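All remarks here apply to the structure that follows.
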């Protein structure tokens, strides 16, 4: 199974960490992606997202490309580098880009998938199911 199972009352949980500067997008994603088999954490910025991945096993990361000081592209690349070094278990990463022309940056960042904002919760939910190896 791609997502490492965590047992909580015999329910395998998928840990999803979300970081974006847009409060509306955060609210939309949190409301639309919530499910009994998911734990969703909202993270303030890129540095905290990397710290979270170092301290807990995160299954899926959803990050806005223009997050701030450490944007989504840098977060994605940093997490993949940490995983290559063996310091974390690689999460699946979805980067939300502002425009389709930024797809090359998303690919450079080594993310597993990218979507154009505003977030389409149904499409992201399906991506999570595919990437985490669990039904959406």
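The values are calculated or read from the model by the stated rules, or taken from the named source; none is laboratory data. These numbers were taken from a predicted model, which means no experiment stands behind them. Here the Cβ positions follow ideal geometry from the backbone for every residue, glycine too, while neighbour counts run over all protein chains shown.
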Test result for residue 12, out of contact with any strand residue (DSSP E or B) (no Cβ under 9 Å at 6 or more places or on another chain), touching a residue at least 60 places away in the same chain (Cβ under 8 Å) and under 17 Å from residue 132 (Cα atoms): yes
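Please verify whether residue 131 is part of a helix (DSSP H, G or I) and touching a strand residue (DSSP E or B) at 6+ places or on another chain (Cβ under 7 Å), treating the condition exactly as stated. I'd like the intermediate steps shown before the answer.
Working: part of a helix (DSSP H, G or I): yes; touching a strand residue (DSSP E or B) at 6+ places or on another chain (Cβ under 7 Å): yes.
Yes.
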Unique match (being surrounded by fewer than 18 Cβ atoms within 10 Å (Cβ to Cβ), closer than 20 Å to residue 41 by Cβ, modelled with pLDDT of 95 or more and out of contact with any strand residue (DSSP E or B) (no Cβ under 8 Å at 6 or more places or on another chain)) among 101, 83: 83
Residue match in the range 50-69 (condition: buried (at least 17 other Cβ atoms within 10 Å of the Cβ), at pLDDT below 95, out of contact with any strand residue (DSSP E or B) (no Cβ under 7 Å at 6 or more places or on another chain) and farther than 20 Å from residue 131 by Cβ): no
Verdict on residue 43 being within 14 Å of residue 128 (Cβ to Cβ) and crowded, with 18+ Cβ neighbours inside 10 Å: no
Residue tally, condition in contact (Cβ under 8 Å) with a residue 24 or more places away in the chain, over 21 Å from residue 102 (Cα atoms) and more than 11 Å from the chain's Cα centre (by Cα), over the range 51-72: 4
